[in-house]
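One structure below.
The values are calculated or read from the model by the stated rules, or taken from the named source; none is laboratory data. In this text the structure is predicted, and so the values were computed from the model without any measurement. Every residue, glycine among them, receives a Cβ derived from its backbone with ideal geometry; neighbour counts consider all protein chains shown. Surface areas here come from the heavy atoms of the whole protein model, side chains and all, with no ligands, DNA or RNA. Shrake-Rupley method; radii C 1.70, N 1.55, O 1.52, S 1.80 Å.
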Amino acid sequence: MAADNFQAHDYYLMDELLTDEHKLIRETARAWVKKEVTPTVEDFAQKAEFPKHWIKGLASIGAFGPYIPEEYGGPGLDQISYGIIMQEIERGDSGLRSTASVQSSLVMYPIYAYGSEEQRRKYLPKLASGDMMGCFGLTEPDYGSNPAGMITNFKDAGDGKHVVLNGAKMWISNAPFADIGVVWAKDEEGVIRGLIVERGMKGFTTPETHGKWSLRASATGELVFDNVLVPKENIFPNVKGLKGPLGCLNSARYGIAWGVIGAAMDCYDSALRYSKERIQYGKPIGAFQLTQKKLAEMITEITKAQLLTWRLGVLKNENRATPEQISMAKRNNVNMALQIAREARQIHGGMGITGEYPIMRHMMNLESVITYEGTHDIHLLITGRDVTGFNAFN
Ligand code: TGC
Ligand code: FAD
């Protein structure tokens, strides 16, 4: 059963590459997910409800801005620790990992990397403790894969203190409950800038998106800006252009590459267990070659993904990971996890479609993960552009 699915699945002895601190961080995150998340996440997914009471727990395991320095309230950990925490959370549910990814890489990272000292001190400690939650607005109704075309814009309000923000963002994780939004919009010269919009600003609303069959335990919504007066001091001073939001995506995509290994392990673990217990034709289904082929391929792909992310983590710690290397890991690992979820569901037969096992929930969640933060095909085109030098986007 899902609650027991916390095996390490360390086929290549990867633990030997981790420090004692990494292992301690993993044990802490794993224990919290096992105790708090796994037993009830299925109920929240069935009800399509985000479990807000887990926010403080996420903060307690260092899931909010793991690599943000301690002077700004973060845990000050390395990139591998960040990955490990995402992996353990996503063993529980991709939606919960989404909440942590957005808060860490898409809200805290830009405030830390592009913000003023005042912005850092005002927001980062509260975001790290979970007393404040954030969301990230890049995607628009007509601009998903090509965010450069965004329409959301701001103009000088003429009072010397504010800009006036207009436009709309959609598919925004955490939007319905976020206290702040890191929003990307064009200035009067058409240059993309980032600004912090706070809940309560007049003209700013966050309608929830209903009817999702995926990431049901994560809250998704729109951000609507109708002549919102935003203080000029909320604009990030240290970045201009599309490289601002894309720089945040590098961090989030890296976390996803680790995170989905957790979902894959949970599916594999459940399938392995079921294959030993389920008897058909007088023997465990795990004794049939076709089932073994599925399981052997699963652990092979998990192991390859672990090696990819560990190496990427080392490069990231050394500040040498390229956006293209991150794209490759995001694309490969999410696809790996989705294929494993689909095969694991088959191994569970009819039981695989029920909430009794975590498989179908992981599988449906991963359909979002393979789409957000750059679709599977967009990442392929990023690799294609990198190796050929030709841009096939347009
Ligand atoms: P392109 O001409 O390639 O680049 C424009 C400028 O951006 C720079 N750049 C990057 N900088 C940092 N990191 C990266 N990964 C970068 N990629 C590009 C580039 O150097 C250039 O800079 P400069 O100074 O020369 O202006 O841009 P393009 O318009 O051709 O677009 C191509 C590309 C790759 C950006 C686009 O295809 C892409 O990535 N689309 C995917 C969009 C996306 O991922 N959206 C995600 C929205 S957020 C989200 O999904 C959150 S889900 C969260 C959750 O719940 O977990
Ligand atoms: P489109 O861009 O319309 O793509 C549709 C199809 O066309 C895809 O298969 C794509 O690969 C393909 N395609 C597009 N362009 C090309 C091309 N040049 N060549 C070949 N094929 C192409 N966004 C945020 O800003 N913040 C969030 O917090 C956030 N959270 C999300 C949560 C969920 C649950 C989901 C589903 C999405 C979220 N997103 C968020 C949005 C997400 O990033 C976008 O859905 C994604 O970037 C794809 O954009 P799109 O949906 O508009 O698809």
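For this structure, a couple of remarks:
- Some residue of the stretch 339-362 being within 13 Å of ligand 1 (Cβ to nearest atom) and in a helix (DSSP H, G or I): no
- Taking the stretch 1-111 as the region of interest, the helices (runs of 4 or more DSSP H) fully inside it that hold 2 or more residues being acidic (Asp, Glu) are 20-32, 41-47, 79-92.
- In the set Val197, Val191, Val163, only one residue is more than 16 Å from ligand 2 (Cβ to nearest atom), in contact with a Gly (Cβ under 8 Å, 6 or more places away or on another chain) and either over 17 Å from Asp131 (Cα atoms) or modelled with pLDDT of 95 or more (or both); that residue is Val191.
- Selection from the stretch 187-216 of residues that are exposed (fewer than 13 other Cβ atoms within 10 Å of the Cβ) and more than 15 Å from Lys240 (Cα to Cα): Gly200, Lys202, His210, Gly211, Trp213
- Hits in the stretch 121-159 (condition: within 14 Å of Gly194 (Cα to Cα) and in a helix (DSSP H, G or I)): Pro147, Ala148
- Enumeration of residues in the stretch 167-188 that are more than 9 Å from ligand 2 (Cβ to nearest atom) and over 16 Å from Phe236 (Cα atoms): Gly167, Ala168, Pro176, Phe177, Ala178, Asp179
- Look at (1) within 13 Å of ligand 1 (Cβ to nearest atom); (2) more than 28 Å from Tyr72 (Cα to Cα) and you find that Phe136 fails only one, number (2).
- Being under 27 Å from the mean Cα position of the chain (by Cα), open to solvent by 30 Å² or more (accessible area, probe 1.4 Å), within 16 Å of ligand 2 (Cβ to nearest atom) and not assigned by TED's automatic domain parsing to the domain that holds Lys47 is true of Glu222.
- Filtered residues of the stretch 241-280 (kept if open to solvent by 10 Å² or more (accessible area, probe 1.4 Å) and more than 9 Å from ligand 1 (Cβ to nearest atom)): Trp258, Tyr268, Leu272, Arg273, Tyr274, Lys276, Glu277, Arg278, Ile279, Gln280
- Sole residue being under 19 Å from the mean Cα position of the chain (by Cα) and not in a helix (DSSP H, G or I), chosen from Trp213, Trp258: Trp213
- Selection within the stretch 248-283 - under 17 Å from Tyr11 (Cβ atoms) and among the basic types (Lys, Arg): Arg273
- Failed condition for Gly130, given (1) in contact with a helix residue (DSSP H, G or I) (Cβ under 8 Å, 6 or more places away or on another chain); (2) surrounded by 24 or more Cβ atoms within 10 Å (Cβ to Cβ): (2)
- Sole exception among (1) within 26 Å of Gln46 (Cα to Cα); (2) buried (at least 16 other Cβ atoms within 10 Å of the Cβ); (3) in contact (Cβ under 8 Å) with a residue 60 or more places away in the chain for Met360, by number: (3)
- In the stretch 35-61, the residues that are on the phi > 0 side of the Ramachandran plot form Cβ pairs under 6 Å with partners that are open to solvent by 20 Å² or more (accessible area, probe 1.4 Å), at six or more places apart or across chains, as follows: Ala48/Arg216.
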